[in-house]
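The block underneath contains the structure these notes are about, expressed in structure tokens.
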Amino acid sequence: MGFVKSRRVVYRPVKDLNLASDSPQFYLHANVKAPRMTGILVKVFTWFLESPIFGPLLLYILKGNNLIHTLITNAELDESPLYVPAHHFEDHNEQEVKNLDSGLTPQEKVQLAIECLPSSSEKAQNETNPSFSRWTIMDYYEAYSSEAITPRVVAERFIAAVDESSKHPLPMGFFINYNPDDILRQADESTLRYKKGEPISVLDGVPIAVKDEIDCLPYPTTGGTKWLHKERPCIDDACCVKRLRLCGAMLVGKTNMHELGAGTSGINPHYGASRNPYDANKIAGGSSSGSAAVVSAGLCPVALGVDGGGSVRMPAALCGVVGLKPTFDRVPHSGVLPLNWTVGMVGILAGTVEDALITYAAISGEIPSKQPSSMLTKINLPLLSFSKSIRDIKLAKYGKWFNDCSEDVRLCCTQALSELQDYYGWKTIDVTLPDIEAMRLAHYLTIGSECSTWFDSFGKKHIAELGWDARVALSLYGSFSSKEYIKAQKLRNRQAKFHKRIFAEADVIVSPTTGVTAYSIQDDALKTGELDYVNGGWI
């Protein structure tokens, strides 16, 4: 473990590294060394970790065994630290896009997004089967406009479906909180607007769920805990929620999540595990577990999540839906728990790319009064109706990283890549992306340090009220030093430079979203949560 003297890595300058496919750079697989623990084992482990005598030694061993000392603590880097991922906006004068002007209202932005959609998405509603399961946003809008169904009926069916999903023997754990009276009130208001022929936008009356990390009245914001709403009352909607309301969306409740976003399984010891609609015995993924599951189950076409390190994209992949983490600062963060403020972004889970596009249009754009105009960036939406004409797209693929997954995931993703190449004529460029494992650890250290700093503002008086897995996570997060945090930000800058070089040659970097498919929920994890950093590292 190198208790007295740890090894160190001396990173070569970015400019001296070859990023082509023939680069001699060594690929280091995820080096996760931690046993899976639940029940009494995780309680004993937590006790040792929080002990003032054994804790520091145990944390030192854990960090050493997982190469944090080697790749970060004692590493030597030339790069300066990058604390906030804000970059100078480069206008590439893209073709076949619509620009979302910062002065447009959310309703106007949604209308622009509709104009980007392919005509094939505007299919006629099947009136003989008015089930709302897996309907798209346009399905709802067309059904409401044609009076095939009303928002009131949809709300009643939604409430009945959520109630049914909460029953034993396997409660699905979709929501932490939802209010039937508030949902019906919104539905009645939307129904009246359609009767008058005055819907606000295509989102009017469309059910949208919100992760319980985002403020949305009349609900408390718990962050997956039992206490946070008492320390931090919800007094207003988050900016992204306000924008959805302005479009007439029907906000249907606060979805379940991994406690404090501190895990990837979505198993919450206070509110139950969010279960995968494809197999209720398996995880939905986290931390935006409930949001992914309600979309996958067809209860909502869209849900909001927050993504700090895959918390939207991972559950989206495991539940078979679309997950979008926008670029930093594209969606206002006001009204969102500051668990990890430089890496966590409001994201979108949707049944289709088109629905993600519409929702992104509605919530995107910084608040003009919060930034100088010189800092505002353009947000362009692709004209999906002309997607067949998008030529000469270059896909960057790092083969060793792409293939570092289970065989079934590799085959599926390889097939998807092949179909993109065949259908659009896109090209794949083989590249090397150095220091992948160091990047993963630097990210873990960054998100952990930010979460620990935020939690420290409560004086740790609620530590005993957390689930056991969250307590372990916070112990690890709190062990990171200022030196380690700064070196992690140096690695962040280093990776940004690598990515910029690759994006000079390619348009997209492709890889599987998760390394494994959804794994089974063990009964002993339901009350304590689970420590499963091996599966977590693969996800």
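The values are calculated or read from the model by the stated rules, or taken from the named source; none is laboratory data. Computed from a prediction, not measured in an experiment: that's the story for all the values here. Neighbour counts are summed over all protein chains in view; Cβ atoms, including those assigned to glycine, are modelled from backbone coordinates with ideal geometry. To get the accessible areas, we keep the full protein, side chains included, count just its heavy atoms, and leave off ligands, DNA and RNA. Shrake-Rupley method; radii C 1.70, N 1.55, O 1.52, S 1.80 Å.
Accessible surface for the chain, divided over its residues, is 44 Å² per residue with a 1.4 Å probe. So for segment 132-282: antiparallel DSSP bridges make up what percent, rounded to the nearest 5? Given both bridge residues lie in segment 132-282, the antiparallel proportion sits at roughly 55 percent. Radius of gyration (Cα atoms) of segment 20-119, expressed as a multiple of 2.2 N^0.38 Å: 1.96.
Helices in the chain, meaning DSSP H runs of at least 4 residues, each add -39500 (n - 2.57). Divided by all residues, the mean residue ellipticity at 222 nm is -11000 deg cm²/dmol. Look at the Cα gyration tensor of the chain: its axes a ≥ b ≥ c give a/c of at least 1.5 with a/b at or below b/c, and that counts as oblate. To put it simply, the accessible area of the chain at a 1.4 Å probe is 55 percent carbon and sulfur. Here's the picture: a label point sits 7 Å out from the Cα of residue 520 along the beta-carbon direction, and within segment 259-277 the residues with their amide nitrogen under 16 Å of it are 276. Over 29 Å apart at the Cα level, from the set 461/497; 378/487; 460/483, are 461/497; 378/487.
Whole-Hz Karplus values for segment 222-238 come out as 9, x, x, 9, 9, 10, 4, 5, 6, 7, 9, x, 7, 10, 7, 6, 5 Hz, taken residue by residue from phi with 6.51 cos²θ - 1.76 cosθ + 1.60 and θ = phi - 60°; glycine and proline positions read x.
Looking at segment 187-229, the trypsin sites (Lys or Arg not before Pro) that sit in a DSSP loop and have at most 10 other Cβ atoms within 10 Å of their own Cβ are 196. Between residue 28 and residue 112, the modelled label-to-label distance comes to 4.4 nm, taking each label 7 Å out from Cα in the direction of the beta carbon. Computed 3J(HN,Hα) for segment 200-205, one whole-Hz value per residue from the Karplus formula 6.51 cos²θ - 1.76 cosθ + 1.60 where θ = phi - 60°, is 6, 6, 5, 7, 4, x, glycine and proline marked x. Computed from the Cβ-Cβ distance with R0 of 41 Å, the FRET efficiency linking residue 499 to residue 145 stands at 0.40. For segment 338-475, the relative contact order comes to 30 percent (Cα pairs under 8 Å, sequence separation of at least 6).
Suppose we keep just the DSSP beta bridges with both residues in the chain; what percent of those would be antiparallel, to 5? Antiparallel: roughly 60 percent of the beta bridges in the chain.
Positive-end ranking of 45, 20, 93 along the dipole of segment 1-110, with charges on Cβ about the Cα centre, is headed by 45.
Scaled against 2.2 N^0.38 Å for its residue count N, the alpha carbon radius of gyration of segment 271-406 is 1.17.
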